[in-house]
1. Considering all alpha-carbon pairs of the range 1-77, what whole percent are spaced by more than 16 angstrom?
2. S271 to W60: extension gain in nm, 0.36 nm per residue of separation minus the Cα-Cα distance?
3. Placing +1 at every Lys and Arg Cβ and -1 at every Asp and Glu Cβ, with all other atoms neutral, what dipole size does the range 1-87 have around its Cα centre, in debye to the nearest 20?
4. How much of the calculated P(r) for the chain lies past 32 Å, in percent of all Cα pairs?
5. State to the nearest 20 debye the size of the charge dipole of the chain about its Cα centre, where the only charges are +1 on K and R beta carbons and -1 on D and E beta carbons.
6. If each of Y252 and K122 carries a label point 7 Å out from its Cα toward its Cβ, how far apart are those two points in nm?
7. For the range 124-219, count all C-alpha to C-alpha pairs, find those more than 23 Å apart, and express that count as a whole percent of the total.
8. Measuring from centroid to centroid over Cα atoms, what is the spacing of the range 187-259 and the range 49-74 in Å?
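All of the numbers you see were taken from the coordinates with simple rules; none came from a lab. Please read these numbers as outputs of a predicted model, since none were measured by experiment. Here the Cβ positions follow ideal geometry from the backbone for every residue, glycine too, while neighbour counts run over all protein chains shown.
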Amino acid sequence: MKISMQQPGIHLKKVGVRRGERWILHDINWSVPAGSCAAILGPNGSGKSTLARVLAGYIWPTVGEVAIDGHRFGETDLNDLRHSIRLVQPAGPYDVDAELTAQQVVLTGLFGTIGLFNEPPKKEFQHARDLLAKVGLSNVIDHHYATLSSGERIRALIARALIRKPRLLLLDEPTAGLDLLAREQVLATVQSLIDDAATSPTIVLITHHVEELGPLTADVLLLAEGQIAARGSLPQVLTSEILSKAYRCPLYVEMRGARYYVRVDSGAWKSLLGE
């Protein structure tokens, strides 16, 4: 059931996820304008990936209301809605067939499969090439996925996620395990998607790291122990006081150019170990 064309890309009201006696998420209220870029930030165990799976329609919340692009959970067919949502999770349990070429990997996104078992329409081959060019992979279009670097694989997966023009793109720790260059290439890819406002889906970046939040990030949801520690714009959330409390570590936030960075003095290391 469609609520309204004016509804935000994401709307959460008092969302909670409980497992046994523990609330993994509790009382999450968040609204993200359609077509904007937002971020879910927080330390390990704060509930970020659980919230990503709720947004993707993979986990039903224990309590609360969830609406994606105006479609409210419980009033819409989640199987249909998932066609409009893509979750890129490099550390997830499944990966595409390593013997496929980069172009074939992108084409699997048409079918939501990890292998290419059907013949795509001919027009989609050029579409896949265009998407690979968009993420900076024109030079590896015909290379096997197994031969791509970790950063190239993630960018190929982002292109794969875009081939069906989703309304919501979830990027769950897309830079995990990458070196500096590969990380910046992935972040540049995300930035290029936001720059193309006419075709951009609502984008949510899930990360531990403040420096990965680009200047066009419109809204930040900071989680700590399954609850909202702060939410708002980059300047509102990324302060030394707020982040120190959420990460339980004395830290300092610095802004260089249009990006934020976190610094922890080595003099604080002994106190972190309880010495």
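1. 49
2. Roughly 72.0 nm would be gained on extension.
3. 240
4. 25
5. 460
6. 6.3
7. Tail of the P(r) past 23 Å holds 20 percent of the pairs.
8. Their Cα centres are 21 Å away from one another.
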